[in-house]
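I have placed the structure first, in the form of structure tokens, so that the comments after it can refer back to it.
Throughout, read-outs are computed from the coordinates displayed, never taken from laboratory work. Predicted model only: the values in this text are computed from it and were never measured. All Cβ positions, even for glycine, are placed from backbone atoms using ideal geometry, and neighbour counts span all protein chains on display.
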Amino acid sequence: MHLINYISVLLLMVSSSCTQTKLIKTEPPEWTKTAAIYEIMPKQFTPQHNLKGITQELARLRNQYVSAVSILPIFTTLDINNAYNPGDPYACSEFLTIDPALGTDHDFKTLIDSAHHFNIKVLLEFNLTYTTPNHPWRKEYPEFYKSCQAKNDTAFNQDYIRFNLEHKTLQKKLHILEHWMKDFPLDGFVLMNADQFPESFLNLLGSKINSKKFYLVSGSNTPEFVERGYFDSYFNYDLYHLFIKMVDNTCTSQDFKSLMEINEKATFKNASILFNQNALLNNKDGTETQRFYGFYKLCSVLSILTGGIPMMMNGQEEPMFDRINPYSNQAIVFNKFFSRDFFRSLFIHRVDNPAIQSIQDNLPVIISDATHVLAFERKHGEASIVVMANLTNQVQSFTLKNDYIQRLEFFTRALTNFEKNKSYTLNPYQYIVLTNIK
């Protein structure tokens, strides 16, 4: 079903004379149907700045109904502030050993065992398309990289640190995913920059693993790779781009309808990973509250309820008003937890209400013709969830196509009635969620 049992073959291009194989993927692992993923920056997550600190927080995460953690690279990084990729937590100086500052192999095994005790899956993130400039291969095997030229005029040449994914000899040197799969009972990998993998490379990787239990995620916006059977899921940046449009009031319900149609056409529906914040966005754009001030919770509601697998980033339960600094080990300050119950209640409801689980027959249906109000219902059997959301910073009116009588408003727990063809208004970025599951 996926790529990888040997990523001793990770960066290999098969020659044109080789037979290309394509794995026919079955549906994603069963546990993803109710999954809520929590992304962790290991050096900033706790005051201990290490794997033991993460282990100590697992009980709290389980109480928050997190069911999977996705941990950024834990490999050795000697030059986090280098000139080519400064502050990039995905740029590693070595792929096979745990950074001593984070802990030992034993610490990581203890973390995974403890997570499994709490019924939490553990995913490990990789970016195997580039390194830091001080990776030993940069000197020993310069042919592994796209360029030997350190600078272009006065600028640092990014191809100097980027792997040449077509170099066949790389398979003899890379034992990366194979090593981590063999030595640690991980539940999956997230492969960043997967959109840069050549198809012949994907075919080769796909031929090396056939495990229904192992969860493989593309960290790029690559629904086509899921369709072809190379990955179980992908990071859905299309939804995030709609949130960006909401900042200047240019987002419409038709934009969301178009996004929903992509999901509807997919072989495995509701399989993309949805979010309004992750580690890459933290580095690039800052925090959710900085980008979406005034409606960041609405973005989270849509990420969790629109249709897919929700992911939140460490610190969103506070929430975060300052960007996490990847240049330093300054720990996230957890002391308020203002949004913890918000996320917890939605994640619990994802377990309790099959209408919002990642299954095949509960796709969202638009229930209003309003331009700037997104209103949709998802159903599975008798279970239902209804979302009404103002996509702008202005008051908006709308009508519904159906009656929703004696429904429980999810956040206030008040019984409410919404009648079809009756006019209602929503304040700027206001949202209402109705459920029939108490």
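Listing for the model above:
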| quantity | calculated |
| --- | --- |
| Order of Thr289, Thr250 under a 10 Å beta carbon neighbour criterion, fewest first | Thr250, Thr289 |
| Label point distance in nm, Asn421-Tyr293, each placed 7 Å from Cα along Cα→Cβ | 4.5 |
| Positive dipole terminus of the chain, leading residue within Tyr234, Tyr160, Gly308 (C-beta point charges) | Gly308 |
| Ranking of Glu317, Glu30 by count of other Cβ atoms within 10 Å, fewest first | Glu30, Glu317 |
| Cα Rg, Dmax, the chain, angstrom units | 22.3, 71 |
| Point-charge dipole on Cβ atoms (K/R +1, D/E -1) for segment 365-435, about Cα centre, debye to 20 | 40 |
| Linear extension gain, Arg413 paired with Ala155, 0.36 nm per residue minus alpha-carbon span | 87.2 nm |
| Taking Tyr90, Tyr234, Tyr84 and counting other C-beta atoms within 10 Å, the order from fewest to most | Tyr84, Tyr90, Tyr234 |
| Anchor Lys379: aspartates and glutamates whose Cα lies under 17 Å away (excluding residues fewer than 8 positions away in-chain) | Glu261, Glu264, Asp352, Asp361, Asp403, Glu409 |
| Calculated from backbone phi, Karplus (6.51, -1.76, 1.60) coupling profile of segment 134-150 in Hz, x at Gly/Pro | 9, 4, x, 5, 4, 9, 6, 9, x, 5, 6, 9, 6, 8, 9, 8, 5 |
| Under 17 Å from the Cα of Lys52 - aspartates and glutamates, other chains or at least 8 residues apart | Glu39, Asp99, Asp105, Asp107, Asp113 |
| Unit charges at the beta carbon, dipole of the chain: most positive-side option, Ala414, Leu391, Leu259 | Ala414 |
| Given charges at Cβ of Lys, Arg, Asp, Glu: the chain dipole, positive-most of Tyr424, Phe295, Asn436 | Asn436 |
| Whole-angstrom gap from segment 116-175 to segment 377-420, using each part's C-alpha centre | 49 |
| Theoretical gain in end-to-end length, Val247 to Asn63 [0.36 nm per residue, Cα-Cα removed] | 63.0 nm |
| Assigned charges on the beta-carbon of Lys, Arg, Asp, Glu; segment 249-405 dipole about Cα centre (debye) | 240 |
| Dipole in debye (nearest 20) - the chain, about Cα centre, beta carbon charges: Lys, Arg +1; Asp, Glu -1 | 460 |
| Highest-MSF residue in the chain out of Asn263, Asn249, Asn335 [GNM, Cα springs under 10 Å] | Asn335 |
| Compactness relative to 2.2 N^0.38 Å, alpha carbon Rg of segment 365-435 | 1.03 |
| MRE, 222 nm, helices only [DSSP H, n ≥ 4, -39500 (n - 2.57), over the chain, to nearest 500] | -7500 deg cm²/dmol |
